[in-house]
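Notes to accompany the following structure.
The values are calculated or read from the model by the stated rules, or taken from the named source; none is laboratory data. Just so it is clear, the model here is predicted, and its values are computed rather than measured. Quick reminder, even Gly has a Cβ in these numbers, built from the backbone with ideal geometry, and neighbours come from all protein chains shown. Only protein heavy atoms, including side chains, enter the accessible area calculation; ligands, DNA and RNA are left aside. Shrake-Rupley method; radii C 1.70, N 1.55, O 1.52, S 1.80 Å.
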Amino acid sequence: MLARIRGLLIREDWVYLSSLLVPLFLYNVVLKVVRIVTQFDVPGPLGFLDQVRSDVLFNLGYALFWVGVFAAVRGRVARTISVVLFHLAAVVMVALSTSAHFFYEKTGSTLNLEFVVVSLSSFGEIRGVIFSETTVVHWLLVLAVLTYAIAGPAIVTRLVTGAWRAPVRSPGRAWTAPAGAGAVALLLFSLSLVPSATGAGNAFSRDALANMLVSEVATPEIEKTHLAADELPTETRLVSQGRSDKRNVVVVFLESTRAESTTPYNEDLKTTPFLDRLAKRSLMAERAYAVVPHTSKALVATLCGVAPPLDTRNTESEPDVIPARCLPELLKEEGYRSVHFQSATKKFERRAMLVENFGQEDFYPTEAMQKKGFQEANYFGYEDNIMLEPSRDWLEENGDEPFFATYLTVTPHHDYVVPDRYGKKEFAQDEELNNYLNTIRYQDFFLKNLFRQYRQLGLYEDTIFILLGDHGEGFGEHGLKQHDNTIYNEGLHIPLLIHDPGRLKAQRLEPPVDELDVLPTVVDLLGYRVGGGDYPGVSMLAPPRENRTLMASCYHERTCLASIRDDEKYIYFYGNKGDEYYDLSEDPHERENVIDQQDEERIEELRKDLLAWEAKVKLAYKQRLQKR
């Protein structure tokens, strides 16, 4: 048998192929082993074998595929083309497997192919993220790997056989032998996709490249859905209820701010003393949740009152795509001016187009601000105090008429650079977490400064303030870091305060709410009702709706969905790992998955509801895109 395999290629071919395929095999498998031994839940021996199985089979299949190609291709021109493709494929494979490894290391999530494509198409926007996570050593290593992938096989072949050239001839075997090699390679590829046998997550267990490929086609079966035109709030308007009071409205989005890292929600953590004092004079939602833990998605959910597009393609920034009329647009018809300030660049995710979609008239990113005297906070922008001067200028010019203003902070965003302005305190032993908590502390100073500005300008008493986290942030509590796929409370549970001086009494709102409830609450506070359609959210001033279910999604497609109903939380992972169920009244930190104690029919019902919600959201945006 071995003799027949050896006979597929001449000696030079074997040396040339092995000098690249063997290191590639070892490189990919070693990366997987590193991920296994460093993951949150270290598996036992069977789990370890189960999780490395796919990588071994996929890489063996990859190697055998190229053996079959070199055995089948005989002509000099065709063989030269094959050699070029062989090297290009190796470079791409190394790039993808390395990216997947570091992506998992930094976020705890697997990398999908769509996100790779989106990232490459917007490399200019994300290069700051990449450079913030790499060092000179990383780039030297990449250069060394790429150099070997291109020139290594020729050098090794020269040393072993004495020939410099790449293999350009074959022993002329019958076509059945290469076909057999291809068939075995296909079998190995197929076996690498077999689901985990020991309960480990399928997405993690699969080879990184195999997972990228299969995640693009492995979609759950869901019933076809339909949306009538009147189901979407695209023709809405504000209707006065006879008590309309055109007070100003300010919405402050607190970047990457999870509830548990603020003092009102964690009295033992003194990160936000100003926010804590404000909470004692405000309506505070005890259990407020993000719909999708990603900034642009949170902006859509909050300002437009509908679920954002459930994708990574930045669909929300396509012209006229949002299937609803947003707050700035509704209020403009009532004589309101509107403005958006952010301490981040306008370049990331086409933010200017998104703000235009909301109907906001003025936009102030860092490109429109004086940067002298302000420190860069991260790869997206500057410390939040940079917004204060342009805010003052705009308010002095426009504050005589009712206005709607939004502020989006950036300082607490990864990579958690603490500005020097207010010093640094010791909140946690972990350096990264401590830096994050200090950026939350800095943000609290910004809020204090912003409120002082409104008082000095005489606008405070006539302004409704809504302060909320756009999403939370993970620090490995469930093996996940940052926010995009952190579907647990550290990623979804956000602070939400409504401060209406002299009008709204301080109270704690206990029932679960989410970002979709902000729009109807603002409408209610201003003395209007919505005509011409309905938004899915409900006013937080109204009696709690019974049997209400909140829906949430991970940022990356086909990764996870979650539903929250009272104290019941269900998470669906598309089969990549087992479903999870938590009783939040007994287990608010989601440490004990009690899915096995639940009725199977009930879990199936929850799963179907989530998939139906996902289908309706995607259809709404698909219809809008088709109408453009």
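The table below lists the values:
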quantity: Val194 versus Leu49: modelled label distance in nm, points set 7 Å from Cα along the beta carbon direction; calculated: 1.2 nm
quantity: Extended-chain gain in nm, criterion 0.36 nm per residue less alpha-carbon gap, Glu286 and Asp566; calculated: 99.6 nm
quantity: Accessible area of the chain belonging to carbon and sulfur atoms, whole % at 1.4 Å probe; calculated: 56 percent
quantity: Ranked order, Glu461, Glu267 - accessible area, probe 1.4 Å, largest first; calculated: Glu267, Glu461
quantity: Whole-number accessible area per residue in Å² for the stretch 582-628, which is evaluated in the context of all protein chains at 1.4 Å; calculated: 68 Å²
quantity: In nm, spacing of pseudo-spin labels at Ala612 and Arg503 (7 Å Cα→C-beta vector); calculated: 3.8 nm
quantity: Full-stretch length increase - Leu26, Arg452 - with 0.36 nm per residue and alpha-carbon distance subtracted; calculated: 147.4 nm
quantity: Theoretical FRET efficiency, 1/(1+(r/R0)^6), r = Cβ-Cβ of Arg548 and Ala144, R0 56 Å, to 0.05; calculated: 0.50
quantity: Scattering curve values for the stretch 250-370, log₁₀ I(q)/I(0), Debye with Cα scatterers, q = 0.09, 0.23 Å⁻¹; calculated: -0.30, -1.31
quantity: Ellipticity estimate at 222 nm from DSSP helix runs (n ≥ 4, -39,500 (n - 2.57)) divided over the chain, nearest 500; calculated: -14000 deg cm²/dmol
quantity: Calculated FRET efficiency for the pair Glu432/Ile155, C-beta based, R₀ 41 Å, to 0.05; calculated: 0.50
quantity: Cα pair distances in the stretch 356-445, grouped into 10 Å bins until the bin that holds the longest one, percent each; calculated: 15, 42, 28, 13, 2
quantity: Over the stretch 471-589, equivalent-ellipsoid semi-axes from the Cα gyration tensor in Å; calculated: 29, 16, 14
quantity: From the C-alpha gyration tensor of the stretch 8-89, square roots of 5λ in Å; calculated: 33, 11, 10
quantity: As computed over the chain, the Cα convex hull volume per residue (Å³); calculated: 182 Å³
quantity: Derived scalar couplings ³J(HN,Hα) [the stretch 497-504; Karplus, 6.51 cos²θ - 1.76 cosθ + 1.60; whole Hz; x for Gly, Pro]; calculated: 10, 10, 10, 10, x, x, 10, 9
quantity: Point-to-point label distance, Glu586-Asp420, nm (Cα→Cβ direction, 7 Å offset); calculated: 5.3 nm
quantity: Amide H contacts of Val251 (H built 1.01 Å from N, under 5 Å, at least 5 apart or other chain); calculated: Ala405, Thr406, Tyr407, Ile466
quantity: Probe 1.4 Å, protein heavy atoms only - accessible area per residue of the stretch 283-410 in square angstrom; calculated: 30 Å²
quantity: Given the chain, longest segment not containing exposed loop chymotrypsin sites (Phe, Trp or Tyr not before Pro) (DSSP; at most 15 other Cβ within 10 Å); calculated: 176-421
quantity: Length added when fully stretched, Ala352-Asp400, from 0.36 nm per residue minus Cα-Cα; calculated: 14.7 nm
quantity: Out-of-range pairs (alpha-carbon distance over 24 Å; input Lys346/Lys372; Lys332/Lys616; Lys246/Lys346; Lys372/Lys424); calculated: Lys332/Lys616; Lys246/Lys346
quantity: Degrees, to the nearest 10: 176-192 long Cα axis against longest axis of the chain; calculated: 30 degrees
quantity: Taking all pairs of distinct alpha-carbon atoms in the stretch 523-628, Kirkwood radius in angstrom; calculated: 16.1 Å
quantity: Kirkwood estimate for the stretch 296-358, i.e. one over the average of 1/r between Cα atoms, Å; calculated: 12.1 Å
quantity: Qualifying GluC sites (Glu not before Pro) in the stretch 279-379, DSSP loop, other Cβ atoms within 10 Å at most 11; calculated: Glu333
quantity: Per residue solvent-accessible surface (Å²) - the stretch 8-59, probe of 1.4 Å; calculated: 44 Å²
quantity: Nearest-ten-degree value, helix 123-132 long axis tilted from longest Cα axis of the chain; calculated: 90 degrees
quantity: Using alpha-carbon coordinates, inclination of helix 295-304 to the longest axis of the chain, degrees; calculated: 40 degrees
quantity: Low-density loop cleavage sites - trypsin sites (Lys or Arg not before Pro) in the stretch 414-470, where at most 16 other Cβ are within 10 Å (DSSP); calculated: Arg421, Lys424, Lys425
